[in-house]
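Novice: Please see the structure below; I have some questions.
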Amino acid sequence: MTPGLHQWPAQERVRHGAPVAEALPPELGGAGRVALATTRSLEGGRIVAAARAAIGPRLAAAHAAMRAHSPAEDVAALARLLVEERVDLVVAVGGGSVIDGAKVACLGAWRGLTEPAALLAAAVTRDTPPSGQERTPPVPRIVAVPTTLSAAEFAPHAGVTDLAAGRKHRLVDPFMVPKAVVMDPAATLETPADLFLSSGIRAVDHAAERWCSRAPQPFSDAVSWQAMRMLAEGLPAVRRDPGDLAARAACQQAAWLSVMGGWAGVPVGASHGLGYILGGARGVPHGVTSCLTLPAVMRWNEGVNGERQREVARLFGGAATAHEALRAFIAGLGLPVRLAEVDIAASEIPALAALWDGDAPIATNPRPVRSAADLEEILRFAA
């Protein structure tokens with residue numbers, strides 16, 4: 001037997017399949033001063049309107065300025081708003097950037113970190129586990145209404161971007177995970193198709209890297225395999241019929257499953273790590289980074305986990321190799337699969353590879369990454 005540690009997140013409930021108008025009110029509980037966090041693109045839409053109506057007179061503040069990759073400036077502004085308005089609950093409506101930004105803003109409110117530099121100084125390494133769940137839950141906490149498949153709403157950690165340095169930093173606290181999640185498939189209808197589908201590839205990345213991990217666990221294997229199976233069916237179904245709410249609901253469930261393997265302590269690898277680099281340095285959306293890096297990393301890792309990869313290949317179309325199957329699957333969704341498609345030239349690869357600081361999750365890749373030269377080799381598979 002291999003010793004392990006399974007940690008459940010400090011999350012109380014997940015409501016799924018019901019409209020926001022019905023599912024959100026019970027989650028407001030005794031909150032008297034609620035903040036609504038979203039983006040400008042969603043601010044005037046139907047789902048945010050439904051959230052506003054559910055919150056009603058308890059709405060104390062609204063913040064709709066969170067940009068992609070949760071810039072430290074935007075997160076700090078939200079943290080200050082939470083403190084100034086004495087907010088006791090945050091409703092976050094949006095994708096990973098909004099939900100991650102709200103998570104870190106709450107952390108900032110708890111610790112008095114309301115300036116960008118202070119938030120960035122609180123960053124930890126990517127292998128730092130959440131701790132301190134035994135204490136009294138701090139205020140405010142989050143109720144998340146996700147509009148993409150990033151699954152940020154199920155994690156006790158979040159990324160914040162230092163725009164000036166072009167680098168993403170990680171913060172963690174067990175109570176950063178939203179206390180409740182409302183998964184309404186209709187909430188995803190206002191999300192642009194390419195964003196929804198690419199966030200689904202991010203969920204594939206969560207599951208596939210853990211399925212192919214160098215340290216698998218039975219729990220992680222079960223949820224990761226099921227997530228891949230459901231996404232392999234659900235994402236093309238949404239591509240064929242964007243109004244298929246059943247397929248969208250299945251994809252939401254799959255995204256949830258895709259991150260559960262992390263609770264069992266199973267790490268992800270270089271695809272995630274390169275995604276952080278491409279996102280921080282070049283602003284590539286995280287879903288799109290997975291479209292580019294996952295097939296390339298599978299190809300580079302094939303010599304150490306080829307047997308596991310054969311199951312990935314079978315689930316995603318049956319090509320001879322996982323990297324071929326994944327690249328064909330992703331392209332079939334109308335998404336980019338090469339660096340050139342996001343305006344990253346082959347000549348930029350050495351500088352991007354040099355940004356790795358030795359941290360996880362590249363450090364937990366199944367085939368050990370020993371240098372920037374190894375990362376260059378992987379990135380050239382995506383060129």
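Novice: Residue 110 fails exactly one of the following numbered conditions: (1) in contact with a strand residue (DSSP E or B) (Cβ under 9 Å, 6 or more places away or on another chain); (2) farther than 17 Å from residue 161 by Cβ; (3) not in a loop (DSSP other than H, G, I, E, B). What is the number of that condition?
Specialist: Every listed condition holds for residue 110 apart from (1).
Novice: Residue 128 passes all but one of (1) part of a loop (DSSP other than H, G, I, E, B); (2) β-branched (Val, Ile, Thr); (3) closer than 29 Å to residue 195 by Cα; which number fails?
Specialist: (3)
Novice: A further question on this structure: Just for region 173-216: of the residues that are crowded, with 20+ Cβ neighbours inside 10 Å and over 18 Å from the mean Cα position of the chain (by Cα), which one is farthest from residue 140 (Cα to Cα)?
Specialist: Looking at the filtered set, the residue picked out is 212.
Novice: Further question on the same structure: Report yes if residue 186 is over 30 Å from residue 352 (Cα atoms), out of contact with any strand residue (DSSP E or B) (no Cβ under 9 Å at 6 or more places or on another chain) and small (Gly, Ala, Ser), otherwise no.
Specialist: Considered against the rule, which asks whether it is over 30 Å from residue 352 (Cα atoms), out of contact with any strand residue (DSSP E or B) (no Cβ under 9 Å at 6 or more places or on another chain) and small (Gly, Ala, Ser), residue 186 comes out as yes.
Novice: Check whether at least one residue in region 230-241 is in the same structural domain as residue 318 (by TED's automatic domain parsing) and under 22 Å from residue 39 (Cα atoms), and report yes or no.
Specialist: no
Novice: Need a quick list: helices (runs of 4 or more DSSP H) entirely within region 204-282 having at least 2 residues that are farther than 30 Å from residue 163 by Cβ.
Specialist: 218-240, 245-260
Novice: Please determine, by comparing only the residues of region 117-136 that are in contact with an Asp or Glu (Cβ under 8 Å, 6 or more places away or on another chain) and modelled with pLDDT under 85, which one is surrounded by the most Cβ atoms within 10 Å (Cβ to Cβ).
Specialist: Here the answer is 126.
Novice: Further question on the same structure: Could you list, in sequence order, the residues of region 58-70 that are free of Cβ contacts under 8 Å to residues at least 60 places away in the same chain and more than 12 Å from residue 36 (Cα to Cα)?
Specialist: Of everything in region 58-70, just one residue is free of Cβ contacts under 8 Å to residues at least 60 places away in the same chain and more than 12 Å from residue 36 (Cα to Cα), namely 67.
Novice: Any residue that is assigned to a helix (DSSP H, G or I), in contact (Cβ under 8 Å) with a residue 12 or more places away in the chain, under 21 Å from residue 182 (Cβ atoms) and in contact with a strand residue (DSSP E or B) (Cβ under 9 Å, 6 or more places away or on another chain) - is there at least one of those in region 71-82?
Specialist: Within region 71-82, one or more residues are assigned to a helix (DSSP H, G or I), in contact (Cβ under 8 Å) with a residue 12 or more places away in the chain, under 21 Å from residue 182 (Cβ atoms) and in contact with a strand residue (DSSP E or B) (Cβ under 9 Å, 6 or more places away or on another chain).
This table checks each residue for (1) surrounded by fewer than 17 Cβ atoms within 10 Å (Cβ to Cβ); (2) touching a Pro at 6+ places or on another chain (Cβ under 8 Å); (3) closer than 26 Å to residue 215 by Cα; (4) of a type outside the set (Ser, Thr, Tyr).
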position	(1), (2), (3), (4)
279	no, yes, no, yes
286	no, no, yes, yes
293	no, no, yes, no
333	no, yes, no, yes
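Novice: Also, quick follow-up: Go through region 310-383 and tell me which helices (runs of 4 or more DSSP H), entirely inside it, have 3 or more residues that are farther than 21 Å from residue 230 by Cα.
Specialist: Because the criterion is at least 3 residues that are farther than 21 Å from residue 230 by Cα, the helices (runs of 4 or more DSSP H) in region 310-383 that meet it are 349-353, 372-381.
Novice: Check 225, 256 and return the single one that is touching a helix residue (DSSP H, G or I) at 6+ places or on another chain (Cβ under 9 Å), farther than 23 Å from residue 323 by Cα and hydrophobic (A, V, I, L, M, F, W, C).
Specialist: 256 is the lone residue from the list that is touching a helix residue (DSSP H, G or I) at 6+ places or on another chain (Cβ under 9 Å), farther than 23 Å from residue 323 by Cα and hydrophobic (A, V, I, L, M, F, W, C).
The values are calculated or read from the model by the stated rules, or taken from the named source; none is laboratory data. Fair warning: this is a prediction, and the values are worked out from it, not measured in the lab. Positions of Cβ are backbone-derived with ideal geometry, glycine not excepted, and every protein chain shown enters the neighbour counts.
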